[in-house]
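Derivation of every value follows stated rules applied to the coordinates shown; laboratory data play no part. Just so we're clear, the structure is a prediction, and the values are computed from it rather than from any experiment. In this analysis, Cβ positions are derived from the backbone assuming ideal geometry, glycine residues included, and neighbour counts consider all displayed protein chains.
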Amino acid sequence: MQADMVVTNARILTMDPARPAASAMAIANGRVLAVGHATDVLPLAGNSTRIIDAAGRSVLPGFIEAHMHVFGGGAILNDLLLTGTKGEAAIRDKVRAHAAANPEAKVLFCQGADYDMLDGRPIDRHFLDSILDDRPLAFVAFDHHTMWANTILLKEVGLLHGKALGPGNEVVMGGDALATGELREVEAFGPVNVYAGTFRSSLGLSTGGEPPEPPTPEERALDRASIKAALAWCARHGITSIHNMDGNLYTLELLTEIQEQGALLCRVKVPFHFKNFMTVAMLEKASRMNDDYRGDWLNSGLVKAFYDGVIEGYTAYLVDGYADRPDFTGEPLFTQAQFTEMAIEADRRGLQIAVHAIGDGAVRSVLNGYEAAMKANGPRDARHRVEHIEVIQPSDIPRFAALGAIASMQPPHPPGVMDFPLEPAKTRIGPDRWPLAYAWRTLKQAGAHVVFASDWPVARIDVLAGIHAAVNRKPWAPHLPDQSYTVHEAIAAYTIEGAYAEHAEDRKGQLKPGHFADFVLLSGDIEAVSPEEINTLSPALTVCGGRVTFEA
């Protein structure tokens, strides 16, 4: 068979234990045809074969982004990014310049806000009013679990006088009986997205349901454009597969339309999002999504849920109280009985489950649900997932291997490692919990499958920055365990472990004959640069299914 593409003079890290390294590779019909040396591969080239001289640079399996939000991420690519911006003057200058450049925006969204960006002073509507008081303005926290709104926006969406919400969600009120402007979790700030007209991109996260009115052709086109922008952004960063962590049928319909246009640049898994107001009977929709979407490019079969929120906003659910609020553990979004009922039914249907659980109380409750499902339905290769696991109790560490549960974690998330500030999370976790905070290596050594991702747009999507963070992470104190990874371990967590997490290790995550031709050529040799310089590398070429999806 003649190759469509041949890569030579490469430093190929295959992630295949049988042949971990090679210097050449041939591609045909969207699959890897051969891996080895130039003498093995070049005879497969013909007149129409594209020959790529890698010039001694690294070739890796295409990165698998095992936790991200493709629709919402694409929708905010043009918002102002406040990451790293601190101090009133710097914030004010950036926001006012953005407002002047976007006079038609119904709501000015500013993403990536740091909880401590005012150096100890809380963010509130009065600060936002001092920047802009005649147009709706919203700051969105970097973790997307808190939003701050100015007074005019709170009035427009009917939140200035507060609102009764479900567990774990809050419109924070001030001593004047008016909202402070801080809106905790999606129920609280959902009305802002509805008012802004951006709600369709967040429906898979906020309600798990479909648009209340059929979108117009113009709205569908806008929504497709958002997702296309996100897919291009992923391809630029060497990503070939996405585990989307919110979803609905509308997202799958848009992705199908993009695929029919020949513009689907990544393989995408889209879940059914189970919310705490749903009954288990609604899992029938998850089964239908699984039946209808089973392809190598688009598939479902996953049930996503949130068990808690985030440590920074006091919405994560802890076993013991917050270090700076010892009498408060946070509120879970599900009761144990409610979650266990869902887990048993989803597992009975043969569906995989992935649950956001940041606090150790949430992690324990989710593992309890998975254990109950195994007892009720019998053991199977379910690979149910726990997302984030920012703190964990010692007794729950061995349960991952015992239950076959996957630890889905994010190297950009530990405060102080990449872009996220040390405070307030480090203080709220407290020294007693520091040893098992973001415990990647501890879980790996205990036999868990650990898969890495960014959680974009919560964190930068840059996989090489994530690998850099995983390799160069330093403990917060000298006595704490080292949770860092080696370069090869980090690459594996973004490739073969991602494939394992979606039951696809037989066809992706490695570069070996018969596997998908999903790979990334880097700008240099990741094994030759110092660990401190990994984040200076970038993708030079991304190939998915044998097709070039990005070329620098």
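Which whole-Hz ³J(HN,Hα) couplings does segment 458-473 yield from phi under the Karplus relation 6.51 cos²θ - 1.76 cosθ + 1.60, θ = phi - 60°, glycine and proline marked x?
For segment 458-473, the Karplus-derived couplings read 4, 10, 4, 7, 4, 5, 5, 5, x, 4, 4, 5, 5, 7, 9, 4 Hz, x marking Gly and Pro.
What does the highest-first list of 156-169, 390-403 look like by mean Cβ count within 10 Å?
Working: 156-169: 16.8, 390-403: 18.5.
Highest to lowest by the protection proxy: 390-403, 156-169.
Using Cα centres only, tell me the gap between segment 248-305 and segment 483-513 in whole Å.
One Cα centre to the other: 23 Å.
Taking the dipole about the Cα centre of segment 231-336, with the C-beta of Lys and Arg at +1 and of Asp and Glu at -1, give me whichever of M245, V310, F277 is farthest to the positive side.
Selected residue: M245.
Which of L44, L77 comes first, and how do the rest follow, when ranked by fewest Cβ neighbours within 10 Å? Don't skip to the answer; put the middle values down first.
On the way: L44 18, L77 14.
Exposure proxy ranking, most exposed first: L77, L44.
For the chain, take the longest principal axis of its alpha carbons; what is the angle in degrees between that and the long axis of helix 249-260, to the nearest 10 within 0 to 90?
30
Can you sort R57, R121, R135 by how many other beta carbons sit within 10 Å, fewest first? Mind showing how you got there, number by number?
Numbers: R57 20, R121 10, R135 15.
Going from least to most buried by this count: R121, R135, R57.
What list of ³J(HN,Hα) couplings, whole Hz, do you get for segment 327-340 from phi and the Karplus terms 6.51, -1.76, 1.60, once you set θ to phi - 60° and write x for glycine and proline?
Using θ = phi - 60°, the values come out as 8, 10, 9, x, 10, x, 7, 10, 7, 4, 5, 5, 5, 4 Hz.
Whole Å is fine, so just give me how far the alpha carbon centre of segment 47-120 lies from that of segment 181-229.
19
List the GluC sites (Glu not before Pro) within segment 1-108 that DSSP assigns to loop and that have no more than 16 neighbouring Cβ atoms inside 10 Å. Intermediate values should be presented prior to the final figure.
Working: sites: E65, E88, E104; in loops: E104.
Passing sites in segment 1-108 are E104.
Distance between Cα centroids, segment 142-172 to segment 370-431: provide it in whole Å.
Cα centroid to Cα centroid, the span is 29 Å.
What is segment 296-501's relative contact order, in percent, from Cα pairs under 8 angstrom and six or more apart in sequence? Show your work: numbers first, answer last.
Numbers: 390 pairs, mean separation 35.4, N = 206.
Computed value for segment 296-501: 17 percent relative contact order.
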